[in-house]
Amino acid sequence: MGFHDNEPHTANIAGRLNWLRAGVLGANDGIVSVAATVVGVAGVTNLPAPILVAGIAAVVGGAVSMALGEYVSVSSQRDSQRALIEKERRELADDPDAELAELTGIYRAQGLSDATAAQVALELTDHDALSAHLAAELNISQHEEVNPWQAAYASAAAFTVGAILPLLAILLPPAEWRIPVTFLAVLFALALTGTVSASIGGSSKTTSALRLVVGGALALAATYGIGTALGASGIM
């Protein structure tokens, strides 16, 4: 066997890690935004009906917004990728010799000898010229096109999963425990997502978790304070 069993060399590892990271961030957005909404309403009233309505509205609106934003972003990325592939295909058809020389230069710049670089470029060109140039020049593959619909669904799903926690935390406990339980549940969830995100990216778990916990605590405190002030003022 030439490869390690636990290293999937043929898989798009970077792409999978990006999807996983996007899922974690989407869930984190759901946690923070919905929690901030429901504790803000809870600062005005302890009645479950208004809190539930506000929470559901925040979940639906946030999920749709996340899906739309991801769809537009990934669609633009896909269009750019298609344009680059078509441009490279035209260049190979118009001037194959210049493209072969360009590919040879790329491998020479990576440390191969002139003879080896020329041989590698020639063999890869004979096998699949377009794929060879896309990988060497642009680090993309014509067989791994991004899917905006898939990105939209994944983003909306991740947001919704994250949003369920604060919604349940604010509605299930008795009225006097709603706010503290929600704060604790949300901060714990943010610490968890921060740790997972850091594990994916290889950064400090403590720093990432602390950053999210502090940011989430500030968001919750701000919206709860505003809701309490509005409730006390008699405006609401």
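Applying a threshold of 7 Å to beta carbon distances and a minimum spacing of six or more residues, or different chains, the list of pairs starting in the range 137-150 at a residue that is over 26 Å from Ala67 (Cβ atoms) and ending at one that is assigned to a helix (DSSP H, G or I) reads Glu137/Ile106; Leu138/Leu84; Gln142/Ile85; Gln142/Leu130; Gln142/Ser131; Gln142/Leu134. Whether any residue in the range 78-86 is of a type in the set (S, T, N, Q), touching a residue at least 60 places away in the same chain (Cβ under 8 Å), outside any loop (DSSP other than H, G, I, E, B) and under 22 Å from Val24 (Cα atoms) is what I want to check. Taking every residue of the range 78-86 in turn, none turns out to be of a type in the set (S, T, N, Q), touching a residue at least 60 places away in the same chain (Cβ under 8 Å), outside any loop (DSSP other than H, G, I, E, B) and under 22 Å from Val24 (Cα atoms). Within the option set Leu122, Leu165, being at pLDDT 90 or above and within 30 Å of Leu192 (Cα to Cα) holds for one residue only, Leu165. None of Ala42, Ala132, Ala57 is on the phi < 0 side of the Ramachandran plot, at pLDDT 90 or above and buried (at least 19 other Cβ atoms within 10 Å of the Cβ) except Ala42. Looking at this structure, is Val161 crowded, with 16+ Cβ neighbours inside 10 Å and either within 20 Å of Thr37 (Cα to Cα) or in contact (Cβ under 8 Å) with a residue 40 or more places away in the chain (or both)? The answer is no for Val161. If you go through the range 92-105 and pick out every residue that is free of Cβ contacts under 8 Å to residues at least 24 places away in the same chain and part of a helix (DSSP H, G or I), you end up with 7.
Looking at this structure, is Arg108 in a helix (DSSP H, G or I), more than 30 Å from Ala54 (Cβ to Cβ) and free of Cβ contacts under 8 Å to residues at least 40 places away in the same chain? Show your work before the answer.
Working: in a helix (DSSP H, G or I): yes; more than 30 Å from Ala54 (Cβ to Cβ): yes; free of Cβ contacts under 8 Å to residues at least 40 places away in the same chain: yes.
Here the answer is yes, as Arg108 does meet what is asked.
Taking the range 161-186 as the range and being under 20 Å from Gly40 (Cβ atoms) and under 20 Å from the mean Cα position of the chain (by Cα) as the test, the residues that pass are Gly162, Ala163, Ile164, Leu165, Val186.
Restricting attention to the range 172-191, which residues are surrounded by 15 or more Cβ atoms within 10 Å (Cβ to Cβ) and in contact (Cβ under 8 Å) with a residue 12 or more places away in the chain? Full working, then the answer.
So in the range 172-191, the residues surrounded by 15 or more Cβ atoms within 10 Å (Cβ to Cβ) come out as 173, 178-179, 181-183, 185-187, 189-191.
Correct list: Arg178, Ile179, Val181, Thr182, Phe183, Ala185, Val186, Leu187, Ala189, Leu190, Ala191.
Evaluated against (1) at pLDDT 90 or above; (2) within 30 Å of Val32 (Cα to Cα), Asp79 falls short on exactly one condition, (2). Of all residues in the range 60-77, exactly one satisfies the criterion of being of a type in the set (S, T, N, Q), without any contact (Cβ under 8 Å) to a residue 24 or more places away in the chain and exposed (fewer than 15 other Cβ atoms within 10 Å of the Cβ), namely Ser76.
Go through the range 57-105 and report how many residues are over 30 Å from Thr160 (Cβ atoms) and among the hydroxyl-bearing types (Ser, Thr, Tyr). Within the range 57-105, residues that are over 30 Å from Thr160 (Cβ atoms) and among the hydroxyl-bearing types (Ser, Thr, Tyr) number 1.
The values are calculated or read from the model by the stated rules, or taken from the named source; none is laboratory data. What you see is a predicted model; the values in this text were computed from it and never measured. Cβ: placed from backbone, ideal geometry, glycine included. Neighbour counts: every protein chain shown.
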